[in-house]
Every structure is written in structure tokens, then in C-alpha cells.
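*Asks:* Sending over a structure as C-alpha cells; questions will come in a sec.
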Amino acid sequence: IQVPSYLGIFSNRPIDDIAAPDVQRRQQIGLASFPLPQRMGPDIANTVASDPFRSSFVRLRTEHGLYREQTSALTFLTPTLFRTGIPLPAEVTTGTYTIDIKLFANGAFITKTETAFEIVKVGFEQFVANSARYHGLLYGLATAMMAIMTGWLASIIFRRD
């Protein structure tokens, strides 16, 4: 079962003002309408909004900033151009993230487009991650040596003569 590691729903007004509940379910807009499948025996089924597992899962993800629904986060600069910021928490995983852009007018779904962005590690963090992944033995030895040197240095600094 796969669920999004990050789910951000951004709009220029409340979701209920944009579309009716049946349109929200069909177009999967809003945290309550987004499908979160779960395994039920040999089958996979979508959870309903009142399911306690779903409610707890969404609540925990929301508390960690991994799921969010912001109703005033999108600003139309012109009738055909908009801007929004996507706040990402520190614990977001690296990889490619898909963005679904859906346009509604007078409560009706008009069109949808898809784009993506990629999160990568850079600088020292990338060096450490690559060292751990591709040069495990050297990374382990370097980490052990740093721990030994830190302990030795602490024993010298805090020695009671």
C-alpha cells in the first residue's frame, strides 16, 4: 500500500466553497477526499473519512507537517497565472514529488495539469549520505574513529587532576 509521503492541498478559498462534496470525492481534493487505501485481508480498499485508522493517520501526518490543507495559500496574479509557496518540513524524504493542478469554475471541474519537482540532498549532507550508502566500510571506520577521538578529547578536557 502506498500513500503520499507529503500531501499539500493549497487553494485560494475553502474547499467547500470551490466544489460540492461529490465533486471533491471524484476529483480527490481535500484531505477528507484523498484516497488512502489499506489492506483488508487479501483485498485493498479505500478508507472512508470516518475510519479511525484514517483519521489517526491523517492527524499524525498533519502534526508532523507532512499533510496540510491551506485555504488561503494560492494567489491569482492574473486570471491565468497564480503563485503559491510549498512549505516542506525538514523530515520530508528526497525524491520526485508530483504536483496536480486542478482548475474549478462555478463549482465545476474544468481541467487538470501535472508537473513535478525534485528534492535532493546537497553539500555536506549529500557527502555524508553518499558515503554511508556507497562506501559503508570507510564511513563506519571514520565514524568509529570520530567517536574514539571525541571520547579521548573529552577525557583530557574533563580530567580531574
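*Asks:* Among residues other than residue 87 whose Cβ falls under 15 Å from its Cβ, what is the net charge (Lys/Arg +1, Asp/Glu -1)?
*Replies:* Details: positive: 61, 68, 83; negative: 63, 69, 91.
Here the count lands on 0.
*Asks:* May I ask you to derive the relative contact order of the chain, considering only C-alpha pairs under 8 Å and at least 6 residues apart, and to give it as an integer percent? Walk me through the numbers on the way to the answer.
*Replies:* Numbers: 162 pairs, mean separation 33.5, N = 161.
For the chain, the relative contact order is 21 percent.
*Asks:* Assuming 0.36 nm per residue, please report the length gained on full extension of the stretch residue 27 to residue 137 beyond their Cα-Cα distance.
*Replies:* Details: separation 110, 0.36 × 110 = 39.60 nm, distance 4.89 nm.
Roughly 34.7 nm would be gained on extension.
*Asks:* According to the square roots a ≥ b ≥ c of the eigenvalues of the Cα gyration tensor, what is the shape class of region 1-123, taking rounded for a/c under 1.5, prolate for a/b larger than b/c otherwise, and oblate for the remainder?
*Replies:* On the way: a/c = 1.82, a/b = 1.13, b/c = 1.61.
Because a/c hits 1.5 or more and a/b fails to exceed b/c, region 1-123 counts as oblate.
*Asks:* Right, next: Of 149, 67, 117, which is farthest along the charge dipole of the chain in the positive direction, counting Lys and Arg as +1 and Asp and Glu as -1 at C-beta?
*Replies:* Comparing the listed Cα positions along the dipole, 149 ranks first.
*Asks:* Simple spin-label model, 7 Å along Cα-to-Cβ: residue 57 to residue 147 in nm?
*Replies:* 3.6 nm
*Asks:* Relative to the Cα centre, what is the charge dipole magnitude of region 7-119, using +1 at the beta carbon of each Lys and Arg, -1 at the beta carbon of each Asp and Glu, and rounding to the nearest 20 debye?
*Replies:* Numbers: 11 positive and 11 negative charges, 19 e Å.
Around 100 debye, computed over region 7-119.
*Asks:* Measuring from centroid to centroid over Cα atoms, what is the spacing of region 64-82 and region 86-161 in Å?
*Replies:* Result: 25 Å between the Cα centres.
*Asks:* Report the net charge of residues surrounding residue 58, where surrounding means a beta-carbon distance below 15 angstrom and charges are Lys +1, Arg +1, Asp -1, Glu -1.
*Replies:* On the way: positive: 54, 59, 61, 68; negative: 51, 63, 69.
Value of the local net charge: +1.
*Asks:* Right, next: What number, in percent, do you get for the relative contact order of region 99-161 if the mean sequence gap of Cα pairs under 8 Å and at least 6 apart is divided by its residue count?
*Replies:* Details: 26 pairs, mean separation 10.5, N = 63.
The normalised contact order for region 99-161 reaches 17 percent.
*Asks:* So between residue 105 and residue 16, what do we pick up on full extension, going 0.36 nm a residue minus the alpha carbon distance? Mind showing how you got there, number by number?
*Replies:* Working: separation 89, 0.36 × 89 = 32.04 nm, distance 1.30 nm.
Stretched out fully, the residue 105 to residue 16 stretch lengthens by 30.7 nm.
*Asks:* Using only Cα atoms, tell me the angle between helix 52-63 and the longest principal axis of the chain; keep it within 0 to 90° and round to the nearest 10.
*Replies:* 60 degrees
Read the figures in this text as sums done on the coordinates, not as results from a lab. These numbers come from a predicted model, not from an experiment. Neighbour counts run over all protein chains shown; Cβ positions are idealised from the backbone, glycine included.
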